[in-house]
Amino acid sequence: MTETPWNPLDHPGHYLSRIGRGLTRIGDARLRPLGLATAQLPVLSLLQNREKRSQKELAALVKVEQPTMAQLLSRMERDGLIHREADPADRRSSFVSLTDTAIERLPRGQQVLRDGNADMTRGLSPEEVRTLIDLLRRVLDNIEAL
């Protein structure tokens, strides 16, 4: 008995990986004129109403490891998008908040991502988009359960 050769094009993981990389590449190119990057938008959105959050809290909410968040925040601070203030209750910790520059740029950045999602789902009906989101959420739940 012979097995059918494995073909990555027959598996959803191949497409999910390519889609993720493609969206990041396109999103970063579209956000670059605003001085923003795709990876920054979740943090910017979490702080958009002048909230102050710790690095640890941001990492948990964005679902990245602490070192990844530390690097992202360092770049954002360098680029004038966030500032940090010491946590009076814990000298090792600080609160992160947005600068006026970031607050000014954020609506245009969010619109860039909205436009990208519309471009990505062009040709799909609203019901198909809702079904796709439901299926992707279920796949993500499965991955996060691993």
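Bear in mind these aren't lab numbers, they're just calculated from the coordinates by the rules spelled out. All values reported here derive from a predicted model rather than from experimental measurement. Every residue, glycine as well, gets a Cβ built from its backbone with ideal geometry; the counts of neighbours run over all protein chains shown.
Residue-wise test of (1) within 17 Å of Gly20 (Cα to Cα); (2) not in a loop (DSSP other than H, G, I, E, B).
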residue	(1), (2)
Arg50	no, no
Val64	yes, no
Leu72	no, yes
Val96	no, yes
Gln110	no, yes
Leu132	yes, yes
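Per the listing Pro42, Pro67, Pro5, Pro12, the residue uniquely in contact (Cβ under 8 Å) with a residue 60 or more places away in the chain and not hydrophobic (A, V, I, L, M, F, W, C) is Pro12. Filter the range 12-70 down to the residues that are acidic (Asp, Glu) and out of contact with any helix residue (DSSP H, G or I) (no Cβ under 6 Å at 6 or more places or on another chain), then identify the one that is surrounded by the fewest Cβ atoms within 10 Å (Cβ to Cβ). Once the filter is applied, the top-ranked residue is Glu65. Filtered by the rule that a residue be surrounded by 11 or more Cβ atoms within 10 Å (Cβ to Cβ) and closer than 15 Å to Leu34 by Cβ, the range 112-146 gives Val112, Leu113, Asp115, Gly116.
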